[in-house]
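To keep things clear, I will list the structure first and then write my remarks on it.
The values are calculated or read from the model by the stated rules, or taken from the named source; none is laboratory data. Remember, predicted model here, so these are calculated numbers, not experimental data. Neighbour counts run over all protein chains shown; Cβ positions are idealised from the backbone, glycine included. Areas reflect the complete protein model, heavy atoms only, side chains present, ligands, DNA and RNA absent. Shrake-Rupley method; radii C 1.70, N 1.55, O 1.52, S 1.80 Å.
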Amino acid sequence: MGLLSKKDVALIKDPLADDNPITIQVLGICSALAITAELKASIVMAISVVFVLGIGNVVISLMRNIIPSKIRIIVQLTVVATLVIIVDQVLKAYSYELSKTLGAFVGLIITNCIIMGRFEAFALGNGPWRSFLDGIGNAAGYGIILILVGFFRELLGSGTLLGYKVLGDSVEKTGLYALGYENNGFMLLSPMALIVVGIIIWVQRTRNKALIED
Amino acid sequence: MEKRTDKNSYTLFFAVAMVVVVGTLLASLASGLKPTIDENRRLEKQQNILYAMGVNENEGTSANFVSTTKAPELFEKHITKQLVIEGDKITEDDQAYLIDVKKEQASAKAGNVRRLPLFVGEKDGVTYYIAPIRGKGLWDAVWAYISMDENMVIQGAYFDHQGETPGLGANIKERYFMDDFIGEHLLSPTGEFKGVAVSKSNNDPKNENKTDNAVDAIAGATITGDGVAAMIKNDLKLYVPYFENLKKN
């Protein structure tokens, strides 16, 4: 037997597509709207959530038999908040530049409902290794959608990707802009993120009819 | 039978234990790392001030500071005077860059005289006057270091923020926004203090008109932009008497 059994592989693979946290479970929408105006922010957020959810799931899973059920939500919240603060403080001390880039995301990670959702739905009832895989899988599924939305919003809204002017210069009117193309400023606003997510959900359900609820 | 973990006494014990463990962990971490973090902040202030007067390692379109290892030495070399302005009194203090603008604003509100730090820099024979300012963005604080010449024409600006929206308000620390301020006049042609507005309707996206007291706004970041304009107007205005005196002498 390899390192990962078939079931383990499914834990990682399912959330990437047919059980995606954003498009199927509709979790984590808030941060998906807030920070996807540019691709770089989406990528940074995706990596941060993979890290926090992977470790958080393991911690909760290890504690699952001793957590009193009455206060389990508070315990979960404390674990996420503690992890995030530790990461934040360590980065501030040893990688100050990176911590400044991450600044705005740290708070958003604590309130990300995917994290609470996976703690509650998976880590409380499964062992640490499986919880770890589930955490990585779900965070990656979240990250993929974030990066996809960030890609379209930055490309159509600012005409750039990762800050590079891929469509030419909008002020100097070079490249595509010489032909009369204009950036769509609406793409930069949060409502368009919702519409892009909607289009992704539409495409996904058209390709896989099993996902359509009656 | 009731599970052990469902008992009230256990729940209470768990909650208390968790608070103690987490509290101790975070408190010791925070106090252990504090000196390193403070040192990072101190160097960052030096980097920011140097950036505003054009001592930086900008390449292409990204904003790059001088490295932290070189910052103290360059700061020593380029910043010739650090002044503290208190009403009519001007004193020199080589720790003036450590003055916390946030605290000074609060103490001014409480009725005290605000201490205004001003750094005088020299580069290639040109004198720069650099002022730290602070205001409110959409979510949290925004702040800046603005360098000016003796006529209050902006020579360089570095903006930063606590938690503006990535891709929108957070873009105030991008070169294309900060560089727009270079050359902008803070005074009107008649010498009245006007500040620099962040405008959505100035019809000047290339920012060719430097005397219109306005730069082009960032789409989708109206409140952050207004906050930047208000910060410049409110805080830099306090330095006007100093510049007026400078001219008289």
Lys/Arg +1, Asp/Glu -1 at C-beta; chain B dipole; positive extreme among B:VAL228, B:SER31, B:LEU50: B:SER31
Only Lys, Arg (+1) and Asp, Glu (-1) charged, at Cβ; segment B:80-248 dipole about Cα centre in debye: 440
Environment charge of A:GLU154, counting only residues whose C-beta is closer than 9 Å and scoring Lys/Arg +1, Asp/Glu -1: +1
³J(HN,Hα) computed for each position of segment B:66-83 - Karplus, 6.51 cos²θ - 1.76 cosθ + 1.60, integer Hz, glycine/proline x: 5, 5, 5, 6, 8, 4, x, 5, 5, 4, 4, 6, 8, 8, 7, 9, 10, 10
Accessible surface, per residue, of chain B when the full set of protein chains is kept, probe 1.4 Å, Å²: 52
Residue mean of other protein chain beta carbons inside 10 Å, B:8-21: 3
Relative packing of peptides B:126-134, A:190-198, B:19-27, A:25-33 - highest average C-beta neighbours within 10 Å first: B:126-134, A:25-33, A:190-198, B:19-27
Rounded to the nearest 20 debye, dipole of the protein assembly as shown from Cβ charges on Lys, Arg, Asp, Glu: 1560
Accessible surface of segment B:134-249, 1.4 Å probe, proportion on carbon and sulfur as whole %: 49
Helix axis angle, A:72-94 relative to chain A longest principal axis, alpha carbon, degrees: 60
Whichever aspartates and glutamates have a C-alpha closer than 14 Å to that of A:LYS70, once near sequence neighbours (fewer than 8 apart) are set aside: A:GLU120, B:GLU2, B:ASP6
Long-range HN-HN contacts of B:TYR128 with modeled amide H, under 5 Å: B:GLY121, B:GLU122, B:LYS123
Global form of the protein assembly as shown, assessed from the alpha-carbon gyration tensor, a/c cut-off 1.5: oblate
Contact surface A-B: accessible area buried, both sides summed, square angstrom, 1.4 angstrom probe: 2700
Charge-dipole axis of segment A:1-147 as Lys and Arg at +1 and Asp and Glu at -1 on Cβ define it, positive-most pick from A:LEU16, A:LEU124, A:PHE51: A:LEU124
Calculated FRET efficiency for the pair A:THR206/A:ILE47, C-beta based, R₀ 25 Å, to 0.05: 0.25
Exposure rule at most 15 other beta-carbon atoms within 10 Å, DSSP loop GluC sites (Glu not before Pro): chain B longest free segment: B:58-149
Square roots of 5 times each gyration tensor eigenvalue, C-alpha, segment B:148-213, largest first, Å: 23, 14, 10
Pairs beyond 20 Å (Cα-Cα), from B:LYS102/B:LYS136; B:LYS200/B:LYS233; B:LYS45/B:LYS70; A:LYS13/A:LYS40; A:LYS7/B:LYS3; B:LYS45/B:LYS194: A:LYS13/A:LYS40; A:LYS7/B:LYS3; B:LYS45/B:LYS194
At least 40 Å² accessible surface lost relative to isolated chain, residues of segment A:137-171 (1.4 Å probe): A:VAL171
Within segment A:1-76, trypsin sites (Lys or Arg not before Pro) in DSSP loop having at most 11 other beta-carbon neighbours inside 10 Å: none
Rh by Kirkwood over Cα pairs, then Stokes-Einstein D for segment B:80-248 at 1.002 mPa s and 20 °C, µm²/s: 131
Rg/Rg_ref, chain A, where Rg_ref = 2.2 N^0.38 Å and atoms are Cα: 1.14
Number of partner chain Cβ atoms within 10 Å, mean per residue of A:31-40: 3
Net charge of Cβ neighbours under 12 Å - reference B:ALA217; Lys, Arg +1; Asp, Glu -1: -3
Global geometry of segment A:1-64, whether rounded, prolate or oblate, following the gyration tensor of its Cα atoms and the 1.5 cut on a/c: prolate
Amide proton proximity set for B:ALA214, modelled H, under 5 Å, gap of 5+: B:ALA197
